[in-house]
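I'd like to ask you about the structure that follows.
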Amino acid sequence: MSTLQTAFRRRTGTLLRVEDLVTHFVTAGGVVRAVDGVTFSLDHGKRLGVVGESGCGKTILARSIMGLLPHRNVIRQGSVLFEGTELTTMSLKDRQKIWGAEMAMIFQDPMTSLNPVMKIGKQLAEPLRIHLGSSRENARAIVLKLLEDVGIPEPEKRFDQYAHELSGGMRQRIMIAMALACGPSVLFADEPTTALDVTVQAQILDLIEDQCREREMALVLVTHDLGVVAGHTDQIIVMYAGKIIEVAPTASLFSKMKMPYTEALFQSIPKLEDPSHTRLTAIGGRPPNLILPPEGCRFSPRCPYATDKCRTIEPELQAAEPDHLYACHHPVGSDRWSEVQVSLGRRPGGH
Amino acid sequence: MDSSTLVSVSDGWVRTTTLTDTATLDPLHDEPTPPRFRRRGRITMWVSGAWLLFIVFSAVGASFLPYVNHSCDQFENEDLCTTHVETNPLLAERPPSWALFSETSRPVVGDAPERFGLFGTDTNGYDLFSRTMFGARNSLLIGALSISFGILIGGMLGLVAGYMGKRVDKIIDTIMNILLAFPALLLAIFIVGFFDSSTTTEAESRSIVPIVIALVILSIPPIARLVRANTIVFAQREFVLAARSLGAKNSRIIMREILPNVMPAMVTFAITGMAILIVAEGALAYLGLSVTAPTPTWGAMIFGGQTKLETAWWISIMPSIILFVTVLAINLLGDALSEKFRIREAIG
Amino acid sequence: MKYFLRKLGQLVIVVFAVTFTVSLALGAIPYAEERIIAAKGSGAINEEEKNKLLDSLNLREPTLVQYGYFVGDLVTLDWGVTLNGNQPISSSISDGLKISLRLMIYGQLVALLLAIPAAVFAAYRSGGLFDRFSTTFSFGFISTPNYVLATVLGLLLTVRWKLFPAISTDVGFFEAPWDHFTNFFLPTIVLALPLAGTYMRLLRSDLINTLQSDFITTARAKGVSTPRILFGHALRPSLFSLVTAAAVNVGALVGGSVVVETAFNLNGLGRRTVLGIFASEFRLVQITVVVLALVYVMTNFLVDILYGFLDPRVRVGRLG
């Protein structure tokens, strides 16, 4: 479908449907199960957060959905329906028509994500010229407008500069402008603020949110930081060792979290209401080995509530509420959970 | 020859830039290396190693190995029989025994065979295979000696330049630039010619000394540059800074802290460099400037058969093949080693 | 600008050192005078001519004065004549330079035309069939000394099949295009194949590194087509090693293709110099070496400037 049509279509209903997606890498050391059966869907204009430690497969998930990963030595299964079109079986040529036009992506490190030897303006104009067939002058005008939209001063001057002449925050703004250029219906943001100064992080997140709202664009925000997704998403997916272990609307995840892992993530970020010098709890143990994942529940070796059942039987996703799924034998609030909380000397119940 | 000298210059450059490339080890962010490819690499490494072992073994043992034909009977003076290869004028210019498509242009007298040996014979009736094995002795010796001295001098200069930096670095860099500005082969010819005229008269055979000196001078600048680039990387590492802050002497830091780390790059370079220098000696021989007969080198043998290409191709071609295979084996081995070091560096 | 000046300063020092060494080298050659006289044909000239000849070479002056005269002659283009045949040295050098430059340009062009597409395709599908095939071949090419290649190709193509003349003659392109082609084909191939192997390996390994960069993923995510990613995004930042090697070869090949010139009997600059050394044509050798050094230094200087074009970061001195 052409981009113009999408721009005028009413954007409601399911935009993206991911069904049992599997991405495994074949390496010399064994098969790395980076994404291991992920199912979820995303509606038009909604903002989804994907949270997990580094190495849990969230970046690979985002790239698998877009189909950006190399073909060789990769095992993939499952389906990705984008606006009703199956992406996994689509040819590279057809996917290239969607990339940048219908779905766009911004990356973690703006220092390395821009071509060092190509002028900013040319890089920004590229998607316009490829997908919309814009003329040079036309593209230039659109790019200047885009640069203004993402809050870059002196767009005319930036147009002829190179990436190394700009600051990190500025470069991430350029990346955002580049992603927005063709008016995609979904934006994947892969740790967009991790490499930036704390002062700039909030600005960039606000910019992404503003632009999403303005352009009725869906957002998939991938991050390790629960604090980042808290204010900027409608729904959150928590991933661990290549699997979804909890899905919930943002508000209910924070108030009624079910997974011990989510709880651990939550306890590892500082909170405003805590008295100063409160000790943050780190998650014990090492992130799981994706080549030989632990038997049973994959979090069990690091979970304070784990029982023998956890170490042998893998929990299925179950619904706490219609829109809140989790995969745990002893979720937060269960008997086992309270028991351990007491033995740890904590007051059970509530956060 | 010149082109290959430059391979190494730039090769060294490439290696130093890829030293820190850890990306290939992260299975999540990169295309993993197919296991099949790795195993194939190991096989080529073994085959190259085996070939080189055979050549070195033959070169060292040429005077007593059963498969190398040798005899000093024709020489009254033992010193004169430098090649030790039996000659039989009745068997001049015989094609290799397997080359049924080729015939000798010389008359076949009596019951002397039409074809002879694995490689055939040359104009004087020397068995080419045996001569090639004796040639290996000189070619490998010249290559090994030149690269050893080259590494010693060039390595020292590179270490000092990279570690001291500033003015010392600038001076050494300028000297290297000046050396490089002289056309390499002309410089070598000039050096060989210079020693020639000052020490020997025409009748005497040329020794390997001037050739080694010429090749050493050629090999110094690229080695110095490679070592310098690597040294700069390590000179800024924590362990060097720590040693320095503990008051270690510069010479000690260079020898104990930096040298062991620069070693892998130097060893890899020494291997490829040796191949280049063996080829370079051949180029000198091709221009008539290497060790003179009867002492064979591969280059001299190839050059010697040039005029006979039409009637006796094997005189040039057989040593050419041996030279090619040996150089290829050395290059493959060097490549495999550099790959290995690169991975170890990335992990460590 | 500072970068530019520093490089220029270095250039001057190198040129000075080369001319000085070359001027001095004459004095270091044993029996230089006798050799020159011998080359001239000692019986044929009388004492007066002999003195005149030696005077013109300033051999008996102090070193520094000799150097002064040498540079003076160089700058005023008063290069003298060859001992044998009285050909002006300037015309001998320019004749040789013409052939050598031609060989160099053909060789480089063929090498780059073979190497760049091969390297790009090999890097694109690294580990694939074409990559393994071309890597093996480039290894073979690199390991083939050019005199071996000249011998083998000479045997097959000229001695056996008589496709090309065994001895190349310098036929101009405009006079006889076909003869020009047949005469320069073999020397060019012999020169180009080992170069192509080197270039291909350099570019391939740099390209593989570049293709793993984040900005390539960015370009992919923008929907840029594969050929455009390879040639538009990845090629330019990967050219550093290739440009360095190719540039060094410009200088090296002008004087350094002696082997190829000898193999095909082309009277290029390198061959003339080698013959000059054997024939005690010291003046010719001295001046040729200076000319070659100038070519080398100038190309290096130009390459340093080209780096700035390849990577804008060099211009602000972040990499330099």
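The values are calculated or read from the model by the stated rules, or taken from the named source; none is laboratory data. In this text, all values refer to a predicted model and were calculated from it rather than measured experimentally. Methodologically, a virtual Cβ is constructed for each residue, glycine included, from the backbone with ideal geometry; neighbour enumeration extends over all protein chains shown. These accessible areas exclude ligands, DNA and RNA; they are computed on the full protein's heavy atoms, side chains included. Shrake-Rupley method; radii C 1.70, N 1.55, O 1.52, S 1.80 Å.
Taking θ as phi - 60°, what are the ³J(HN,Hα) couplings along region A:35-47 by the Karplus curve (6.51, -1.76, 1.60), each to the nearest whole Hz, with x for Gly and Pro?
Running phi through 6.51 cos²θ - 1.76 cosθ + 1.60 with θ = phi - 60° gives 10, 10, x, 10, 10, 6, 9, 9, 8, 3, x, 8, 10 Hz.
With a sphere of radius 13 Å drawn around the Cβ of A:Lys58, what net charge do the other residues whose Cβ falls strictly inside it have (Lys, Arg +1; Asp, Glu -1)?
-3
Here's something else I'd like to know. Place a point 7 Å from Cα of C:Phe137 in the direction of its Cβ. Which residues in region C:99-122 have their backbone N less than 14 Å from it?
Taking a point 7 Å out along Cα→Cβ of C:Phe137, the residues of region C:99-122 whose backbone N falls under 14 Å are C:111-122.
Within 10 Å of each Cβ of B:183-192, how many other protein chain Cβ atoms are there on average?
Shielding by partners across B:183-192 averages 6.
Give me the distance between the Cα centres of region B:270-305 and region C:266-293, rounded to whole Å.
Centre-to-centre distance over Cα atoms comes out at 22 Å.
Let me ask something else. If one computes the Cα centroid of region A:102-168 and of region B:324-339, what distance in Å separates the two points?
Centre-to-centre (Cα) distance: 46 Å.
Kyte-Doolittle mean at least 0.0 and Cα extent at least 27 Å along the axis: which DSSP H helices of chain C qualify? Could the numbers behind the result be given before it?
Numbers: long enough: C:2-28 (38 Å, 1.41); C:89-124 (51 Å, 1.35); C:177-211 (44 Å, 0.58); C:282-310 (41 Å, 1.86).
Passing helices, by number: C:2-28, C:89-124, C:177-211, C:282-310.
Let me ask something else about it. So if I place +1 on the C-beta of Lys and Arg and -1 on the C-beta of Asp and Glu, and nothing else carries charge, what would the dipole magnitude of region C:93-280 be about its Cα centre? I want it in debye, nearest 20.
On the way: 14 positive and 8 negative charges, 98 e Å.
That gives a dipole near 480 debye.
Counting only other chains, what is the mean number of Cβ atoms within 10 angstrom of the Cβ of each residue in peptide C:242-253? Show your work: numbers first, answer last.
Values: counts 1, 1, 5, 8, 2, 2, 7, 5, 0, 6, 10, 4.
Average per residue, whole number: 4.
In whole Å, what are the Cα extents of the protein assembly as shown along the three principal axes, biggest one first?
Largest to smallest, the principal-axis extents are 115, 68, 67 Å.
Radius of gyration and Dmax for chain C's Cα atoms, expressed in Å?
My reading of the Cα-based Rg and Dmax gives 23.9, 84 Å.
In addition: What is the calculated FRET efficiency for C:Asp78 to C:Leu302, with r their C-beta to C-beta distance and R₀ = 35 Å, to the nearest 0.05?
On the way: r = 28 Å, r/R0 = 0.81.
Rounded to the nearest 0.05, the efficiency is 0.80.
Sequence-distant or interchain residues sharing an amide H contact under 5 Å with A:Phe188, placed H: which?
Amide H neighbours of A:Phe188: A:Ala104, A:Met105, A:Ile106, A:Val220.
Which far-off residues, 5 or more places away or on another chain, put their amide H under 5 Å from the one on A:Arg47, with H placed in the peptide plane?
Here A:Leu219, A:Asp234, A:Gln235 satisfy the definition.
Okay, moving on. Bin width 20 Å, origin at 0, all Cα-Cα pairs of chain A: what percent of pairs per bin?
28, 55, 16, 0
In addition: Taking 8 Å as the Cα distance limit and 6 or more residues as the minimum spacing, I'd like the relative contact order of region B:130-264 as a percentage. Don't skip to the answer; put the middle values down first.
Numbers: 111 pairs, mean separation 49.4, N = 135.
Averaging sequence separation for qualifying contacts and normalising by length gives 37 percent for region B:130-264.
What pairs in B:Lys166/B:Lys249; B:Lys170/B:Lys249; A:Lys243/C:Lys222; C:Lys98/C:Lys162; A:Lys46/C:Lys222; B:Lys170/C:Lys2 have C-alpha atoms more than 20 Å from each other? Mind dumping the intermediate values first?
Numbers: B:Lys166/B:Lys249 18 Å; B:Lys170/B:Lys249 22 Å; A:Lys243/C:Lys222 28 Å; C:Lys98/C:Lys162 27 Å; A:Lys46/C:Lys222 22 Å; B:Lys170/C:Lys2 16 Å.
Those over the limit are B:Lys170/B:Lys249; A:Lys243/C:Lys222; C:Lys98/C:Lys162; A:Lys46/C:Lys222.
In addition: Please turn the phi angles of region A:134-150 into ³J(HN,Hα) values with the Karplus equation 6.51 cos²θ - 1.76 cosθ + 1.60 (θ = phi - 60°), one per residue in order, whole Hz, x for glycine and proline.
Listing the rounded values in order: 5, 6, 4, 5, 4, 4, 4, 4, 5, 4, 4, 5, 4, 4, 5, 4, 8 Hz.
Moving on. Quick one: which residues, 5+ away or cross-chain, put their amide H under 5 Å from the amide H of A:Tyr240? H built at 1.01 Å from N.
Those lying under 5 Å, H to H, from A:Tyr240 are A:Ile245.
Also, quick follow-up: Of C:Thr151, C:Leu230, C:Thr218, which is farthest along the charge dipole of region C:93-280 in the positive direction, counting Lys and Arg as +1 and Asp and Glu as -1 at C-beta?
The residue sitting most towards the positive pole is C:Thr218.
Can you tell me which of A:Arg171, A:Arg213, A:Arg72 moves the most in a GNM of chain A? Springs connect C-alpha atoms under 10 Å apart.
A:Arg72
If you place +1 on the Cβ of every Lys and Arg and -1 on the Cβ of every Asp and Glu, how big does the dipole about the Cα centre of chain C come out, in debye to the nearest 20? Provide the component values of the computation, followed by the final result.
Working: 26 positive and 20 negative charges, 333 e Å.
With only Lys, Arg, Asp and Glu charged at Cβ, the dipole is about 1600 debye.
Here's something else I'd like to know. At 222 nm, what helix-only mean residue ellipticity would chain C give, in deg cm²/dmol to the nearest 500, using -39500 (n - 2.57) for each DSSP H run of four or more? Walk me through the numbers before you get to the answer.
Working: 14 runs with 227 residues, N = 320.
Computed mean residue ellipticity for chain C: -23500 deg cm²/dmol.
In degrees between 0 and 90, to the nearest 10, how far off the longest principal axis of chain A does helix A:168-180 point, with axes built from Cα atoms?
Helix A:168-180 sits roughly 80 degrees off the main axis of chain A.
Let me ask you something else. Below 8 Å, C-alpha to C-alpha, sequence gap of six or more: please give me the relative contact order for region C:148-235 in percent. Don't skip to the answer; put the middle values down first.
Numbers: 41 pairs, mean separation 16.2, N = 88.
About 18 percent, as a whole number.
Carbon-plus-sulfur fraction of the accessible area of region C:72-212, 1.4 Å probe, in percent? Intermediate values should be presented prior to the final figure.
Values: 4390 of 6190 Å².
Carbon-and-sulfur percentage of accessible area, whole number: 71.
Select from C:Leu193, C:Leu242, C:Leu24 the residue whose mean-square fluctuation is largest in a Gaussian network model of chain C (Cα-Cα springs shorter than 10 Å).
Highest fluctuation among the options: C:Leu24.
For the pair C:Phe181/C:Thr63, report the inter-label distance in nm, with labels modelled 7 Å from Cα in the Cβ direction.
5.6 nm
Further, regarding this structure: For region C:130-241, what class follows from the C-alpha gyration tensor (a ≥ b ≥ c being the square roots of its eigenvalues): rounded when a/c is under 1.5, otherwise prolate if a/b is larger than b/c, else oblate?
Details: a/c = 3.60, a/b = 2.21, b/c = 1.63.
Because a/c hits 1.5 or more and a/b exceeds b/c, region C:130-241 counts as prolate.
Quick one: among A:Ala218, A:Ala28, A:Ala327, which has the greatest mean-square fluctuation in a GNM of chain A with alpha-carbon springs under 10 angstrom?
Its mean-square fluctuation being the largest, the pick is A:Ala28.
Work out from phi, with θ = phi - 60° and the Karplus expression 6.51 cos²θ - 1.76 cosθ + 1.60, the ³J(HN,Hα) of each residue of region A:61-71, listed in order in whole Hz, and give x for Gly and Pro.
Result, ordered by residue: 4, 4, 5, 5, 4, 6, x, 7, 6, x, 7 Hz.
Among A:Ile245, A:Gly227, A:Leu207, pick out the residue whose Cα is farthest towards the positive end of the charge dipole of region A:155-297, where Lys and Arg carry +1 and Asp and Glu carry -1 on C-beta, about the Cα centre.
So the residue we want is A:Ile245.
Nearest 100 Å² is fine: how much accessible area is buried between B and C, summed over both sides, with a 1.4 Å probe? Kindly include the intermediate steps, with their values, before the conclusion.
Details: alone 18750 and 17650 Å², together 31440 Å².
Summing both chains' loss of accessible area gives about 5000 Å².
Could I ask something else about it? Picking from A:Pro288, A:Gln267, C:Phe164, whose Cα lies most toward the positive end of the charge dipole for the protein assembly as shown (charges on Cβ: Lys, Arg +1; Asp, Glu -1)?
Going by the Cα projections, it comes out as A:Gln267.
Moving to a separate point now. Would you mind pulling out the separation of the Cα centroids of region C:83-136 and region C:228-245, in Å?
18 Å
List the relative contact order of chain A as a percent without decimals, with contacts defined as Cα pairs under 8 Å and 6+ residues apart.
Numbers: 630 pairs, mean separation 66.5, N = 351.
19 percent.
Here's another thing I want to ask about it. Rounded to the nearest 20 Debye, what is the dipole magnitude of the protein assembly as shown about its Cα centre when Lys and Arg each give +1 and Asp and Glu each give -1 at the C-beta?
On the way: 91 positive and 89 negative charges, 426 e Å.
Its charge dipole is roughly 2040 debye.
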